[in-house]
1. Run through the range 157-214 and list the trypsin sites (Lys or Arg not before Pro) located in a DSSP loop whose Cβ has at most 16 other Cβ atoms within 10 Å.
2. Take the Cα atoms of the range 76-166, find their three principal axes, and give me the spread along each one in whole Å, biggest first.
3. Taking only DSSP H segments of four or more residues, each worth -39500 (n - 2.57), what value at 222 nm results for the chain once the sum is divided by all its residues, to the nearest 500 deg cm²/dmol?
4. Dipole size in debye (nearest 20) for the range 72-227 around its Cα centre, Lys and Arg Cβ +1, Asp and Glu Cβ -1?
5. With N set to the residue count of the range 161-222, report its C-alpha Rg divided by 2.2 N^0.38 Å to two decimal places.
6. Helices from the chain with mean Kyte-Doolittle at least 0.0 and a Cα length along the axis of 27 Å or more, per DSSP H: which?
7. Counting heavy atoms of the protein chains only and a 1.4 Å probe, report the per residue accessible area for the chain as a whole number of Å².
8. Taking 0.36 nm per intervening residue step and subtracting the Cα-Cα distance, what contour gain separates L21 from N208 on full extension?
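The values are calculated or read from the model by the stated rules, or taken from the named source; none is laboratory data. In this text the structure is predicted, and so the values were computed from the model without any measurement. Please note: Cβ atoms are built from the backbone with ideal geometry, for glycine as well, and neighbour counts cover all protein chains shown. The protein model used for the area step is the full one, side chains on, heavy atoms only, and it has no ligands, DNA or RNA in it. Shrake-Rupley method; radii C 1.70, N 1.55, O 1.52, S 1.80 Å.
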Amino acid sequence: MNEVTAKLLHQYGALVAGFFLTSAAAAAALGLAFRKLRHAGALPYGQAPTIPFSSIELVTVSLFLISGVFFSAGTTLALIAVLLLVRFHRLNFDAYFGTNRLPVWKSLGAGFWIALAADLPLRLVAALGELLGKVFGVPAPPQPAVEIFVRTHNWPSLSLLLVFILVLAPLGEEVLFRGFLYVYLKNRLSRRSALIVTALLFAFLHFNWPTFLPLFLFGLLLGIAYEFSGSLLLSIAIHCWFNSFTTGLLLLAKFG
């Protein structure tokens, strides 16, 4: 158990327990609703758009991402490149982000529900990973983003960090992973294989072994939500809400 978790359980045990119980209830309700909608034929799979991204376009976006190691604008350029490629392939942004299928307010609401339902199961998987690491004597390094957040104390820097964690990171990661890489791969592989490969890369590129399995499962969830809804905005919303829950707990531990 790390220092942040220990502090939360000690000072806000009842609140944390209530949140996790709510997550469990949301997961049960989501499972029932999903089963009912699937039985009624209201949730056909395979709704994500097909865009003929080429291998040259994949290399171009990847080079922009790699350049982000050396200068901060690289990731932003990769994101801009993907959006330009979407327009190059004559797809409007309503169709790309899925707002023509699922209105913004519905994406935000459904995203909240799905993220809440996923929170407890993913935390349990992460805790199991840390426990196994201790059993086998493998140290569990903290997530770099969490470490930076905990060590940041001045409000201007903290505000910028919050904007990045809650908005920019989910938007950028979903456009790049689900909205580009997954779409590229599913043109060449089966949907299942494309989902798995994308989720593996999503987890690996966070460079933190204790969170690899939960992030892999989270990546699968985001891809599946994208295919069932045809809405990239829903995946972005799930990602935003999930980060918000984690950030809320970190804020409690930091300032409580």
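1. Answer by residue number: R188.
2. Between the extreme Cα coordinates on each principal axis of the range 76-166 lie 53, 32, 25 Å.
3. About -24000 deg cm²/dmol.
4. The calculated dipole for the range 72-227 is roughly 440 debye.
5. Details: Rg = 11.9 Å, N = 62, 2.2 N^0.38 = 10.6 Å.
Rounded to two decimals, the normalised Rg is 1.13.
6. 3-39, 104-135, 232-255
7. Details: 13930 Å² over 256 residues.
Here the residues of the chain average 54 Å² of exposed surface.
8. Here the segment from L21 to N208 would lengthen by 64.6 nm.
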